[in-house]
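Below is one structure, written out as structure tokens; the observations come after it.
Readers should treat all values here as calculations from the given coordinates under stated rules, not as data from a laboratory. None of these values were measured; they are calculated from a predicted model. Here Cβ is always computed from backbone atoms with ideal geometry, including for glycine, and neighbour counts include all displayed protein chains.
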Amino acid sequence: MKKYMAEFLGTFWLVLGGCGSAVLAANFGGEGNPLGLGFLGVSLAFGLTVLTMAYAVGHISGGHFNPAVSFGLFAGKRFNGSDLLPYIVAQVLGAIVAGGVIFAIASGNGALDLSGSNPLATNGYGTHSPGGYGLLSALITEIVMTFIFLIVIMGATDRIAPGGFAPAAIGLALTLIHLISIPVTNTSVNPARSTGVALFCGNGEIIAQLWLFWLAPIVGAVLGGWFYANFLETAVETKPLEPIEAALKE
């Protein structure tokens, strides 16, 4: 149960910190206001959520905070399949609670606008892409970004990788992913993150596009985990690979 609680809390913090910064602070005070986080600040906020929670609870649950990561680590033989469903349930619930908290806070000044293309920092393609990118661009972006994310996670937590630096590498990778892909899909690479805020946005079109932000990240993660395990893993011994939480304890 501690593992599931850690995944709930970690995913809650990821959505609250990442999406919350986009909703509440990205454009604070209007264009040109130095108090607004802007594009770079939101990207960094997402990376910091993973970095901080990976250090805080990664040694308990492995610090997935993302259903796609759980699938990817399963494909990479770093995660037990019997834990997939409870991990995903905990992650999605954490994201939904965070989405509700963001909605409640953002509604507090009476100025919350849910009429834009990406209300509550939701993800989308076509008319709901920040840059107007279509379905194919969104699909490729989410698959490729999640593929690379799993390569970084698997590599940073490999038994022969430098100890203690995995959370920093993973958090910085997520920052870079957002810097690349926010204009395309508003960056998901995480089905729970997409779902948690979409349920409160009040836009049926955005909810109808959620299928892509489940399918593409999971496909990319599974490919990434499988690729690392089969082509990049260094076999130091013949014993089974250690779980990711063991690597984060070092």
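Please tell me the relative contact order of the chain in percent, rounded to the nearest whole number, where contacts are Cα pairs under 8 Å and at least six residues apart. Relative contact order here is 31 percent. Cα-based values for the range 176-238, radius of gyration first and Dmax second, are 15.7, 53 Å.
Working ranking of peptides 218-231, 181-194 by packing, defined as the average number of other Cβ atoms within 10 Å per residue, highest first, is 181-194, 218-231.
Relative to the longest principal axis of the Cα atoms of the chain, helix 2-24 runs at roughly 30 degrees. The charge dipole of the range 2-249, taken about its Cα centre with unit charges on the Cβ atoms of Lys, Arg (+1), Asp and Glu (-1) only, comes to about 380 debye. Sequence-ordered 3J(HN,Hα) estimates for the range 138-152 from the Karplus curve with 6.51, -1.76 and 1.60 and θ = phi - 60° stand at 5, 4, 4, 4, 5, 5, 5, 5, 6, 4, 5, 4, 5, 4, 5 Hz, glycine and proline given as x.
Diffusion coefficient (Stokes-Einstein, Kirkwood radius over C-alpha pairs, 20 °C, 1.002 mPa s) for the range 1-146: 130 µm²/s, rounded to a whole number. Here the translational diffusion coefficient of the range 99-238 follows from Stokes-Einstein with Rh set to the Kirkwood radius across Cα pairs; for 4 °C and 1.567 mPa s it amounts to 80 µm²/s.
Working value for the chain: equivalent-ellipsoid semi-axes of 30, 18, 16 Å, each the square root of 5 times a Cα gyration tensor eigenvalue, largest first. Of the peptides 139-145, 62-68, the order by per-residue mean of other Cβ atoms within 10 Å, starting with the highest, comes out as 62-68, 139-145.
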